[in-house]
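Engineer: This is the structure I have questions about; it appears just below.
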Amino acid sequence: MASTSDIKKGLCIKYNHDIFKIIEFLHVKPGKGPAFVRTKLKSVTSGKVIDNTFSAGHKIDDVRVETHKFQYLYPEGDTYHFMNTEDYNQITLQKSTLDAPDLMKEGEVVTILINTEDNMPLSVEMPSHVILEVTHTEPGVKGNTATNATKPATVETGARINVPLFINEGDKIKIDTEKGAYTERIKE
């Protein structure tokens, strides 16, 4: 048993007969009344995100997890295939358990959280940034450079990202996987 002081991003807990992963949290100490923790929880079974508030000191039932490195192999409909980099065992996961499936490139190494009680995979943690090539974008128009002007671009995985006007097809860009946003252009 853990308490609200142990809450951190990525912690898996049992709540309402389901297992949830904490994706955001905020400790709040109002001037009047008791402290509390406001959280955003993502169900590892359905992928549904809910908001919940725990009062300070509330006991939470945490789930023991192990982390393993897996290489992303290929998608097949709504299932994604991964291979353990240590023992080469393969597993398949549903799209709903992935945080950013449209930013995963074949061969990408990700961290998979596995429940120690039943050895079931709970969720997939992407690296903080991925580098992808832009496959399609409209050319930037000269003179159309207002502050922070962006245009849509499609990257090699099929994801659509807003990028600055100077990005062209064939450029490699660094993308923040948590926000799904452009970070910088990679020079080669």
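Engineer: Could you figure out which of (1) open to solvent by 30 Å² or more (accessible area, probe 1.4 Å); (2) more than 25 Å from residue 43 (Cα to Cα); (3) in contact (Cβ under 8 Å) with a residue 24 or more places away in the chain isn't true of residue 148?
Structural biologist: (3)
Engineer: Collect the residues in segment 156-187 that are touching a residue at least 40 places away in the same chain (Cβ under 8 Å) and of a type in the set (A, V, I, L, M), keeping them in residue-number order.
Structural biologist: Taking segment 156-187 first, the residues touching a residue at least 40 places away in the same chain (Cβ under 8 Å) are 156-159, 172-178, 180, 183, 186.
Selection gives 159, 173, 175, 186.
Engineer: Here's a follow-up. Mind checking whether some residue in segment 40-51 is within 20 Å of residue 116 (Cα to Cα) and of a type in the set (Val, Ile, Thr)?
Structural biologist: Within segment 40-51 (the criterion being within 20 Å of residue 116 (Cα to Cα) and of a type in the set (Val, Ile, Thr)), the answer is yes, since at least one residue qualifies.
Engineer: Continuing with the same structure: Of the residues 173, 161, 131, which is assigned to a strand (DSSP E or B), open to solvent by 70 Å² or more (accessible area, probe 1.4 Å) and more than 21 Å from residue 12 (Cα to Cα)? Full working, then the answer.
Structural biologist: Details: 173 fails: open to solvent by 70 Å² or more (accessible area, probe 1.4 Å); 161 fails: open to solvent by 70 Å² or more (accessible area, probe 1.4 Å).
On inspection, the qualifying residue turns out to be 131.
Engineer: Take the residues in segment 23-51 that are among the charged types (D, E, K, R) and in a loop (DSSP other than H, G, I, E, B); name whichever of them is most open to solvent (accessible area, probe 1.4 Å).
Structural biologist: First, the residues of segment 23-51 that are among the charged types (D, E, K, R): 24, 29, 32, 38, 40, 42, 48, 51.
Retained after the next criterion (residues that are in a loop (DSSP other than H, G, I, E, B)): 29, 32, 48.
Values: 29: 157, 32: 183, 48: 131 Å².
Restricting to residues being among the charged types (D, E, K, R) and in a loop (DSSP other than H, G, I, E, B), the top hit is 32.
Engineer: Test residue 91 against the criterion of being in the same structural domain as residue 17 (by the TED database), surrounded by fewer than 19 Cβ atoms within 10 Å (Cβ to Cβ), in contact (Cβ under 8 Å) with a residue 24 or more places away in the chain and not in a loop (DSSP other than H, G, I, E, B), and give yes or no.
Structural biologist: Details: in the same structural domain as residue 17 (by the TED database): no; surrounded by fewer than 19 Cβ atoms within 10 Å (Cβ to Cβ): yes; in contact (Cβ under 8 Å) with a residue 24 or more places away in the chain: yes; not in a loop (DSSP other than H, G, I, E, B): yes.
In short, no.
Engineer: Just checking, which of 54, 20, 70, 82 is in contact with a helix residue (DSSP H, G or I) (Cβ under 6 Å, 6 or more places away or on another chain), open to solvent by less than 40 Å² (accessible area, probe 1.4 Å) and either modelled with pLDDT under 90 or not hydroxyl-bearing (Ser, Thr, Tyr) (or both)?
Structural biologist: Going through 54, 20, 70, 82 in turn, the sole match is 54.
Engineer: Also, quick follow-up: Quick one: would you say residue 183 is modelled with pLDDT of 85 or more and either polar (S, T, N, Q) or open to solvent by 80 Å² or more (accessible area, probe 1.4 Å) (or both)? Steps first, answer last, please.
Structural biologist: Details: modelled with pLDDT of 85 or more: yes; either polar (S, T, N, Q) or open to solvent by 80 Å² or more (accessible area, probe 1.4 Å) (or both): yes.
The answer is yes for residue 183.
Engineer: May I pose another question? Determine the pairs where a residue that is part of a strand (DSSP E or B), located within segment 103-128, has a partner that is of a type in the set (Ser, Thr, Tyr) and buried (at least 19 other Cβ atoms within 10 Å of the Cβ) with Cβ atoms under 8 Å apart, the partner being 6 or more residues away or on another chain.
Structural biologist: From segment 103-128, the pairs are 109/72; 110/72; 112/123; 113/123; 121/97; 122/97; 123/97; 124/97.
Engineer: Further question: If you take the residues of segment 57-67 that are out of contact with any Lys or Arg (no Cβ under 9 Å at 6 or more places or on another chain) and not hydrophobic (A, V, I, L, M, F, W, C), which of them is least open to solvent (accessible area, probe 1.4 Å)?
Structural biologist: Residues of segment 57-67 that are out of contact with any Lys or Arg (no Cβ under 9 Å at 6 or more places or on another chain), as a first pass: 57-59, 64-67.
When the remaining residues are screened for being not hydrophobic (A, V, I, L, M, F, W, C), the result is 57-59, 64, 66-67.
Working: 57: 50, 58: 81, 59: 132, 64: 162, 66: 85, 67: 86 Å².
Result: 57.
Engineer: Listed residues 37, 44; which is β-branched (Val, Ile, Thr) and in contact (Cβ under 8 Å) with a residue 40 or more places away in the chain?
Structural biologist: 44
The values are calculated or read from the model by the stated rules, or taken from the named source; none is laboratory data. Only a predicted model underlies this, so the values are computations on that prediction, with no experimental measurement involved. For neighbour counting, all protein chains shown are included, and Cβ atoms are generated from backbone atoms with ideal geometry for every residue, glycine included. Keep in mind that these areas ignore ligands, DNA and RNA; they rest on the heavy atoms of the full protein, side chains included. Shrake-Rupley method; radii C 1.70, N 1.55, O 1.52, S 1.80 Å.
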